[in-house]
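The values are calculated or read from the model by the stated rules, or taken from the named source; none is laboratory data. Here the structure is a predicted model, which is why all the values come from computation and not from measurement. All Cβ positions, even for glycine, are placed from backbone atoms using ideal geometry, and neighbour counts span all protein chains on display. Remember, those area values only see protein heavy atoms, side chains included, never the ligands or the DNA or RNA. Shrake-Rupley method; radii C 1.70, N 1.55, O 1.52, S 1.80 Å.
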Amino acid sequence: MNRRSYREVLDSVAADALSRETHLWSGIVTRLERKTWMTTLRTRPVLAFLLILFALTLLSGVAYAIGRLTGFIPGIGFVETSALRILAEPVAVTREGVTVSIEQVVVDSGRTVIVYKTEGLTIQAANASGEGGGPFGSPHFLRLPNGTLLSEKAEAGYGGTPEPLIPQVQTQGGWPNYVWRLVFPSVPQDVNELTLVIPVLQNMPAGAAPENWEITFRLKPAPPEMTFAPITVLPTVFPSTPESGGETPQPTSLSNVATLHGFTFRLNNVVEIAEGFVLTGDLSWSASAFPGGKGMLVSDPFRVTLSDENGEQIPIEMVRLDAPYEEYKLPWSYRTNRKAFSGPLTLSLASIETFFAASPVAFEMDFGPAPQVGQTAEIHYDFSVEGRVIRLLSVSLKPAPEGCRGVMVDFNFYADVPGVSAQVNDAASPEPMHCEGAVGGGGGGLVDPKQFTITTTYRDMPSGVHHFVIEFWLPHRVEGPWQVQWNPPLSTEPTPTPEPAACLAFDEWNRLREQSHTLPSEVSGTVVTTVNEGGPLPAIYLSRPDGAHVQRVAIGGWASLSNNGTRLAYSDQSGLHVLDLSNGKNLSFGVDGYRILWSLDDTRFLFTDTFNVYIARADGSGLQRVDIGSGQVFAPVGWLDEQTIVYSVLSGEKFDLKTYNLQSGEVKGLFPIHNKAGYAAISPDGQWIVFADRQFGETNWGIFISRLDGSERKWIIAPDVPTAFMAVWGPDGQWLIVNTLEKDQNIPVLVNPFTCQAFVLNGLQGTVEGWSQ
């Protein structure tokens with residue numbers, strides 16, 4: 001077992017999504033101090049006045065021109081509709097079982113946009129160089145008939161995905177297959193045959209799949225009857241100028257522009273698409289909006305909410321529209337998944353997260369006459385910065401990375417709040433470390449978000465006394481609210497009823513964690529957990545749900561206790577095992593697998609190797625592959641009876657739940673779920689299923705139950721509570737244990753999905769894998 005299981009791959013993907021500290025580097029200040037066009041206008045007020053008059057004169061004409069010449073194509077974005085060319089017909093090329101299809105091409109005067117997809121790529125190919133064994137993919141090129149190669153436009157905004165993220169084009173193969181959106185410069189009007197060149201497909205390491213793709217396609221003029229998504233362009237509103245040193249007042253009635261504390265929140269236009277509306281705008285500011293006049297927004301600076309006239313919050317999702325960088329302006333775009341609303345809609349921005357540069361402080365460091373790499377000087381010096389205390393803990397000398405000449409000096413800090421960063425400059429301006437390639441440094445502490453390291457490099461070892469100037473960047477929240485309003489057109493669609501709240505949301509979860517509980521008397525049986533004890537595989541424990549009668553029984557993963565509690569199936573380096581808990585007899589199967597689920601009578605169990613589903617008898621005989629076809633990923637879900645199993649199969653960006661009859665071979669579809677693993681679990685009576693699924697407008701998945709046909713769906717755990725994919729039913733079918741998470745610690749929560757009673761199982765350690773009689 002020298003390759004990681006699919007579960008480990010998923011765990012690593014999920015870990016990559018966790019938040020990380022963001023720190024700033026020397027180039028930021030230089031960029032912020034550039035003299036901008038707006039600075040020129042501020043110093044030349046007559047020019048500014050004339051430009052405003054000119055803009056007001058042409059406002060209605062500009063709106064008309066935008067309405068005439070600009071259209072919106074889902075998956076492509078905004079286009080200039082005059083002299084527009086599109087793909088003459090889809091083109092597909094197949095090599096060695098892999099198909100690349102060009103699905104959409106649009107060329108206007110500013111750019112060439114290409115959307116293509118792949119089918120036939122496999123997880124085995126993606127892992128051909130080992131898990132994470134890249135580099136993956138390559139840049140794309142567009143070749144003209146005269147041999148000229150065009151590169152992708154670096155300034156095009158967001159590439160690599162459709163614009164906006166609406167599934168106009170889908171791939172059915174699931175990851176590592178993909179849909180990709182490319183932006184190139186526009187091509188001349190007389191050029192209507194182009195060739196897309198793909199040296200290495202995305203998600204593929206070199207040599208793992210067919211390479212050097214050349215796909216030729218033709219363009220044709222867009223037909224006169226071609227339709228575009230309707231665009232409502234909102235009028236430009238010039239915010240009133242405050243008195244010197246004053247604050248711009250909020251208007252008494254909402255418009256499409258709101259200005260407060262030097263920040264202007266603006267709704268520019270609304271695009272109507274088949275699924276709903278796309279609302280686009282920007283947040284703009286000036287340098288004076290920051291304390292001291294120098295600052296910047298964090299990478300994810302705000303959260304926009306949308307509500308109707310009754311204050312009911314409406315789900316929205318961020319979408320990506322091409323928007324080139326403009327100084328002091330951040331574009332934003334959100335979409336709805338419906339068109340029927342009650343009254344005017346209000347977009348609200350509660351606060352904005354920023355950094356500002358504090359006044360520089362001086363620091364002196366004596367490296368001594370002959371410092372050596374590997375030495376660390378304990379400093380413990382406190383700087384008082386804008387009411388914050390920032391301590392310089394130590395200074396360390398580190399060797400240069402391979403391919404570099406010089407030495408790295410790490411300044412290790414600790415702040416009284418998370419999110420602080422710094423820029424450390426040697427007043428003598430010594431020559432920095434020389435490297436063949438680019439080398440970065442600095443970053444937040446992996447354990448404590450208040451700790452961070454800033455690295456300065458030298459070509460030669462520093463010695464003696466050095467004088468440093470340190471500029472700290474401090475987090476600064478600007479409180480709103482900023483609110484803009486838009487009145488949507490009347491719709492014949494019914495206004496949907498808000499979905500009932502989840503049984504357990506974040507605030508309630510936090511409250512439960514701080515309390516002690518006596519579990520209900522009906523909560524009994526045996527729980528199996530896995531606990532990381534530092535080895536390559538976790539330890540497997542049995543206990544009561546309250547943590548009593550704990551017993552360590554094996555080392556391995558994917559622990560599955562039989563329904564009667566007498567046998568334990570698990571997996572280790574040698575493959576699958578079944579342990580008889582009454583006599584300690586351990587049967588080894590000699591095959592690899594995971595996601596092990598016992599049949600209702602405990603005579604057989606299901607498992608998967610990711611690409612297939614198998615059944616074996618508990619005595620080690622009768623191993624057979626279940627003939628449910630081929631797929632990228634299969635996940636067993638459970639048994640409905642002795643002849644009917646439930647499983648999920650990866651299909652594009654979702655998993656489809658299905659049943660399979662072992663006697664007749666009949667397959668029935670149930671409903672799709674959207675999580676990274678396809679995990680779900682069947683209640684002991686076969687009437688309910690628990691699963692993780694993603695709601696529109698949420699970035700994380702929630703935990704739900706429903707009937708097997710997807711009806712009577714009920715929200716159990718809200719998405720703001722961090723959870724694992726897998727939940728387990730109790731033996732009476734009335735309770736669930738859900739594994740919730742905080743950093744690297746698992747917190748099992750007991751929930752009755754029918755009454756919403758909930759308890760934190762403080763007595764359990766590790767991850768709950770199953771619950772039996």
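Remarks
- Point-charge dipole on Cβ atoms (K/R +1, D/E -1) for the stretch 639-680, about Cα centre, debye to 20: 180 debye
- Annotation for residue 745 and residue 600: the two label points, set 7 Å from Cα along the Cα-Cβ direction, are 4.1 nm apart.
- Note on the chain: with charges restricted to the Cβ of Lys and Arg (+1) and Asp and Glu (-1), its dipole about the Cα centre is near 880 debye.
- Those residues of the stretch 204-230 whose amide nitrogen sits under 18 Å from the label point placed on residue 144, 7 Å along Cα→Cβ: 216-220
- Options 762, 667, 224, ranked by Cα towards positive dipole end of the chain, top entry (Cβ charges): 224
- Fully extending the segment from residue 261 to residue 757, taken as 0.36 nm per residue of separation minus the present Cα-Cα distance, adds 174.1 nm.
- Annotation: amide H of residue 332 within the under-5 Å range of 281, 282, 283, sequence separation 5 or more or interchain, hydrogens built in the peptide plane.
- Where only DSSP H runs of four or more residues are counted, the chain gives -2500 deg cm²/dmol as its mean residue ellipticity at 222 nm, each run worth -39500 (n - 2.57).
- Residues whose amide H comes within less than 5 Å of that of residue 269, counting only those at least five positions distant or on another chain, are 234, 280 (H built at 1.01 Å from N in the peptide plane).
- With a Förster radius of 25 Å applied to the C-beta separation of residue 661 and residue 94, the computed FRET efficiency comes to 0.15.
- Karplus (6.51, -1.76, 1.60) ³J(HN,Hα), θ = phi - 60°, over the stretch 119-135, in Hz, Gly and Pro reported as x: 9, x, 6, 10, 4, 4, 5, 4, 9, 4, 9, x, 4, x, x, x, x
- Note: relative contact order over the chain, using C-alpha pairs below 8 Å and six or more positions apart, is 9 percent.
- Counting only alpha carbon atoms, the long axis of helix 45-69 and the longest principal axis of the chain meet at about 50°.
- Gained length - residue 128 relative to residue 327, 0.36 nm times residue gap less alpha-carbon distance: 67.3 nm
- Residues whose amide H falls under 5 Å from that of residue 769, counting only those 5 or more places apart or on a different chain, are 528, 529, 530, with hydrogens built in the peptide plane.
- Taking a straight Cα-Cα cut-off under 24 Å and skipping sequence neighbours fewer than 8 places away in the same chain, the lysines within cross-link reach of residue 450 are 294, 398, 743.
- Accessible area per residue (1.4 Å probe, heavy atoms of protein chains only) ranks 517, 261, 549 as 549, 261, 517, with the largest value leading.
- The gain in end-to-end length when the residue 303 to residue 351 segment is fully stretched comes to 16.5 nm, 0.36 nm per residue minus the alpha carbon separation.
- If a spin label sat at a point 7 angstrom from the Cα of residue 700 along the line to its beta carbon, the backbone N atoms of the stretch 505-536 nearer than 19 Å would be those of 505-515.
- Partner lysines for residue 654 [C-alpha distance under 24 Å; skip if fewer than 8 residues away on the same chain]: 117, 668, 676, 714
- Farthest positive-ward along the stretch 285-433 dipole, Cα basis, beta-carbon charges - from 427, 318, 337: 337
- The overall shape of the stretch 516-571, judged from the alpha-carbon gyration tensor, is oblate: a/c is not under 1.5, and a/b is no greater than b/c.
- Sites residue 461 and residue 416, calculated FRET efficiency, Cβ-Cβ separation with R0 35 Å, nearest 0.05: 0.60
- Whole-percent carbon and sulfur share, accessible surface of the stretch 630-676, 1.4 Å: 45 percent
- Nearest 10 degrees, 0 to 90: helix 6-16 Cα axis against the chain principal axis: 30 degrees
- Where the stretch 635-773 is the region considered: accessible area per residue in Å², 1.4 Å probe: 37 Å²
- Solvent-accessible surface ranking, highest first, for 414, 660 at 1.4 angstrom: 414, 660
- The residues of the stretch 452-499 have, on average, 53 Å² of accessible surface per residue, using a 1.4 Å probe with all protein chains present.
- Cα lying deepest toward the dipole's positive end in the chain, options 360, 375, 568, charges on Cβ: 360
- Per-residue HN-Hα couplings for the stretch 651-659 [Karplus 6.51, -1.76, 1.60; θ = phi - 60°; Hz; x = Gly/Pro]: 9, x, 9, 9, 10, 9, 7, 9, 10
- Of all accessible heavy-atom area on the stretch 373-529, the percent that carbon and sulfur account for (1.4 Å): 49 percent
- Shape index of the stretch 621-711: Rg/Rh, with Rg the Cα radius of gyration and Rh the Kirkwood radius from the inverse mean 1/r over Cα pairs, equals 0.98.
- For the stretch 180-231, size of Cβ-based charge dipole, Lys and Arg +1, Asp and Glu -1, in debye: 140 debye
- Karplus-derived 3J(HN,Hα), 6.51/-1.76/1.60, for each residue of the stretch 176-183, Hz, glycine and proline x: x, 5, 7, 10, 10, 10, 10, 10
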